[in-house]
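Report on one structure; see the data block that follows.
The values are calculated or read from the model by the stated rules, or taken from the named source; none is laboratory data. These numbers come from a predicted model, not from an experiment. Virtual Cβ from ideal backbone geometry, glycine too; neighbours counted across all protein chains shown. When the accessible area is computed, the model is the full protein with side chains, heavy atoms only, and any ligands, DNA or RNA have been set aside. Shrake-Rupley method; radii C 1.70, N 1.55, O 1.52, S 1.80 Å.
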Amino acid sequence: RVIVRVRVREAVVSTQSTGDDSTRAVLHEVMEQQTLSIAKAGIICVLNARASVLAAANPCDSRWNAKLTIVENIQLPHTLLSRFDLIFLMLDPQDESFDRRLATHLVSLYYRNAARSKVESIDSDVLRDYIAYARTFINPRLSDEAGQKLIQTYVQMRKVGMGRGTVTAYPRQLESLIRLSEAHARMRLSNVVEELDVEEATRLHKEALKQAATDPKTGQIDMEILMTGLSASSRAKRVELAKFLLQTLRNGNKSFKMSELYDACKEGYKDGFTQMQYEMVLRDLQEENKIVQTSNRTIRLKDA
């Protein structure tokens, strides 16, 4: 409903408004296909989505867990998170200098001194008119130099992960760079996207990736976290755990109660795992027809 009402400017979405599946489905269509399907009072139509989406989300436990990925912390579908051009984390670093700057800013909101008045050189009404003018009359187009710069940047982003077998950029990231470059040119009231716009868009994109797509286990950027919901290290661990689970079934009587199999794997698997990882591996093996779960919660090999 938010997207229907705000077709031209921007839509602001909070975690409370993305909780149900129907709302997520609407956001998927808007952010993937740039269209919005509505059916009301017997009228069915498809509108073009012209809104920028600004969303905010809190960690599922009300506290950020540095050992988990952004998908695990926020618990929103990776298919939805990957649609955003920029994702930034607003964390509390518990640093004295940061606390002092934040407190100074908050206190300054309640009084205005001469020094602060001099710093504020632009009025909010002027800024609002500036943005409205840029939206209405400025339509940037890529120059040849900017196009080549985008191609070069995308190729370099792809090369970063080749050495370690991870994907650090997809075509979707190139589309994001194009949109950000056009937005930066529009902010300059320029109808031509130049190299400096691409450079600033690349800087913003890299900074966002450092925060949102960093594997907490390796400390390296892994775009698969946003694209698939799993990092390369987590996927490798999942494969190893699946092999160990199958080997445990073969070495035993080929049939275990679910709780007994969990305890056996927990005792023998050296790297450790969580209950969620265990259940995901069971689901993967069932989908691959390698194990069968009976009605009494017994796990056995498919050919047993």
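Observations on the structure shown:
- Flag if residue 168 is surrounded by 16 or more Cβ atoms within 10 Å (Cβ to Cβ) and either touching a Gly at 6+ places or on another chain (Cβ under 6 Å) or on the phi > 0 side of the Ramachandran plot (or both): yes
- The criterion of at least 3 residues that are modelled with pLDDT of 80 or more is met by the following strands (runs of 3 or more DSSP E) wholly inside the stretch 1-84: 35-40, 43-48, 52-56.
- Some residue of the stretch 208-225 being touching a residue at least 40 places away in the same chain (Cβ under 8 Å) and closer than 23 Å to residue 144 by Cβ: no
- The residue that is modelled with the highest pLDDT, counting only those in the stretch 227-269 that are assigned to a loop (DSSP other than H, G, I, E, B) and surrounded by fewer than 17 Cβ atoms within 10 Å (Cβ to Cβ), is 269.
- Inter-residue pairs, beta-carbon under 9 Å, first surrounded by fewer than 17 Cβ atoms within 10 Å (Cβ to Cβ) and in the stretch 172-183, second among the charged types (D, E, K, R), 6+ apart: 172/83; 175/85; 179/85
- Tally of residues being in contact with a helix residue (DSSP H, G or I) (Cβ under 7 Å, 6 or more places away or on another chain), open to solvent by less than 60 Å² (accessible area, probe 1.4 Å) and in a helix (DSSP H, G or I) across the stretch 188-226: 11
- Meets criteria (within 26 Å of residue 70 (Cα to Cα) and charged (D, E, K, R)) for residue 159: yes
- Pairs with Cβ under 7 Å, 6+ apart, first in the stretch 78-104 and of a type outside the set (A, V, I, L, M, F, W, C), second open to solvent by 60 Å² or more (accessible area, probe 1.4 Å): 82/172; 83/32; 85/179
This table checks each residue for (1) more than 29 Å from the chain's Cα centre (by Cα); (2) farther than 26 Å from residue 87 by Cβ; (3) among the small types (Gly, Ala, Ser); (4) outside any strand (DSSP E or B).
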site: 139; (1), (2), (3), (4): no, yes, no, yes
site: 149; (1), (2), (3), (4): no, no, no, yes
site: 174; (1), (2), (3), (4): no, no, no, yes
site: 180; (1), (2), (3), (4): no, no, no, yes
site: 185; (1), (2), (3), (4): no, no, yes, yes
